[in-house]
Structures are given as C-alpha cells and as structure tokens.
1. Provide the gained length on full extension for the span I135 to L159, in nm with one decimal, where the gain is 0.36 nm per separating residue minus the Cα-Cα distance.
2. How large is the charge dipole for segment 1-95, taken about the Cα centre, if only the Cβ atoms of Lys, Arg (+1) and Asp, Glu (-1) carry charge, to the nearest 20 debye?
3. Note down, for the chain, the three equivalent ellipsoid semi-axes (square root of 5 times each alpha carbon gyration tensor eigenvalue), biggest first, whole angstrom.
4. Bins of 10 Å, beginning at zero and ending with the bin holding the largest distance: percent of Cα pairs per bin for segment 38-132, please.
5. Would you work out the charge dipole size for segment 167-285 about its Cα centre, treating the Cβ of every Lys and Arg as +1 and the Cβ of every Asp and Glu as -1, and quote it to the nearest 20 debye?
6. Determine the gain in length on full extension of the stretch S193-W96; use 0.36 nm per residue of separation and subtract their C-alpha separation, reporting nm with one decimal.
7. With a 1.4 Å probe and all protein chains left in place, how much of the accessible area of segment 1-141 comes from carbon and sulfur atoms, in whole percent?
8. To the nearest 10 degrees, how steeply does helix 218-247 sit against the main Cα axis of the chain, on a 0 to 90 scale?
Amino acid sequence: MDERKKFRLADVILSVICVVFVAEAAAPVASIGNSQYFWWIFMILAFLLPYGLIAAELGTAYAGDGGLYDWIHAAYPDGKWAARASWYYWINFPLWMASLAVMCPELITFITGRSLGTFGSLVVELLFIWIVTLIACYPVCDSIIILNVSAVIKIVLALLVGGLGVWYISRYGFVNDMSARTFLPSFDLNSLSYISVIIFNFLGFEVVCTYAGSMADPRRQIPQAIVAGGIVIAAIYLFSAFGIGAAVPTRDISVDSGLIDAVSLMTGTTGGVLVGIVALLFLVTLFGNMLSLIHISEPTRLALIS
C-alpha cells in the first residue's frame, strides 16, 4: 500500500472516537436523573478503562487485520471458536444498519421541514444502505476522510449539547433538583437497566484493531490511540450528559429521546436553523458509524471459509 495512504496517529485516534462514541447516547441515560453521573463515572472506570487496555494489549500483541478473529484463533487454532465469535459479532451489523437507516427520513424531515411519506422514507432508507455498501467496497484507508469528519462532528455535537446546557443554566438556572442526595446511585430496576445502555455505547475498541493493515506502525499507534481516544470519549460523554441533565427536566426525557430531542428541549423549539444543522450533522455521523464497523466483514469472511 502506498505509504501516503497509511493512517497517521491522529487518524487512528479519530477512528477510535468515530467507532466508540455515540452522539445520541447521553440523552436517554439522562432520564434517570443525577444518578447518571455516578453510573457514567463508575462504568468509565470499571468497564471503559480495562476494556480499552485489553483491546490495546491484544491489538499490539496480534497486529493483524483480523482483530477478534485473530485473537481467538491464536488461542484455539482449529478456527471453530474464532468462526463462531466472528459470526455472532458480525450478525449484529445488518440489524444496526437497518436501525440507523430508519432514522434517516426523520432527520431529513428536520432538515427540510417536509415529511417524506411512506414511499419517500423507503427510498431514503434504501439509499442509505446502498451508499454505505458501495463505499465499503473500497479499503478502509480510502474512507478515512469520512471517518475523520464523522469523529470531529460527533465531538462538535457533544460540545454543542454541553455548551447549550451551560448557557441555559447561566440564564435560567438548573431545571432539576441538584441537591447532594440526588447524585447518590439508585439501584432500582429502571436505573440499573441503563447500565447496559452505557456499556453498549462504550463498545468498539476492538474494531479499530482491524485497521492495523492501514496503519504505519500499528504496534505503537493502536495503544496510543485507544488511550487518547478513551480519555476524549469519557470527557465528552460526561460534558454532554451534564448539559442535558442540567437544562432538560428529567420528566421530559423519554427512553427513546435522542440528540435532536435534547437540543429541541433546551432551545424551546422543534425546528429552525439550529435544529436543522444538528440534524444534518447527525446524519453525517450515521455514515461514519456504519463505515467504521463494516470492515469487520472481512475477518468474518475469513472465519466462515476457515
């Protein structure tokens, strides 16, 4: 491969952010109230940190494009367990693609102010799937611009949400009870169910290890990028969670509330230029999400034929 196409360290860090950070994650978790901060910090220390270090260690010891497949195959050389794990890992991908595709029509409605209808929504969903599929036919290094732009946009969206929260409380004060007792962790079934949501939004470090063939020095870049990217991800998750928790009444955040809903609630509008811009940027991140994960299909292909 041409050396000019190799990932730089900055590219790998942005890829980590693109894969792991989910822009709309903070809003649903905020519905449990101020105890969300305890669970975010606890899961960062108890899950994100060790998980990232494990992925960095394995990615350094086995620097290949197979990622999860290579690691399991090294432990069980007959390939059966590697094939099973890779297939179970991959089968989630088409389901996730479909779930993101159905979000596109609603985002376009926010951007244009016009409803697409059933047929128009179906066309947009199919276009999303085919665009992602066609781009994925090229090596991951050819998609680096999209991955980088998507990562930067995710950071901007998180900072925007957090910044809106800071702006709101500077003018109107906190909308929720901020007494010390509200920050104590709650162990009811509803609150504990959000631990799985937080864990899901921390997954993806192992995917970056499948980009090893596109890196100039994977044994150095993988651990450096995972550590740096993990710190950035933890910081922007906490900042966006603070913005939503401080400026949006807990009772107004539904379990399926996302980034657009949070911005609308903080600004007091259901449309307008700002909401449209946020929807457009969010739409771009959906392509980045898919492209960052679709390249796990190559290790799965190797698993199935082994």
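1. Numbers: separation 24, 0.36 × 24 = 8.64 nm, distance 2.87 nm.
Result: 5.8 nm gained on full extension.
2. Values: 6 positive and 8 negative charges, 11 e Å.
It comes to approximately 60 debye.
3. Details: eigenvalues 223, 112, 63 Å².
Values for the chain, descending: 33, 24, 18 Å.
4. 14, 24, 24, 24, 13, 1
5. Details: 5 positive and 7 negative charges, 57 e Å.
Here the size comes out at about 280 debye.
6. Numbers: separation 97, 0.36 × 97 = 34.92 nm, distance 2.01 nm.
Contour length minus Cα-Cα distance gives 32.9 nm.
7. Values: 5080 of 7350 Å².
Here carbon and sulfur together make up 69 percent of the probe-accessible area.
8. The angle comes out at about 10 degrees.
The values are calculated or read from the model by the stated rules, or taken from the named source; none is laboratory data. Everything numeric in this text was worked out from a predicted model, so none of it was measured. Glycine gets a Cβ as well: all are built from the backbone with ideal geometry, and neighbour counts include every protein chain shown. Keep in mind that these areas ignore ligands, DNA and RNA; they rest on the heavy atoms of the full protein, side chains included. Shrake-Rupley method; radii C 1.70, N 1.55, O 1.52, S 1.80 Å.
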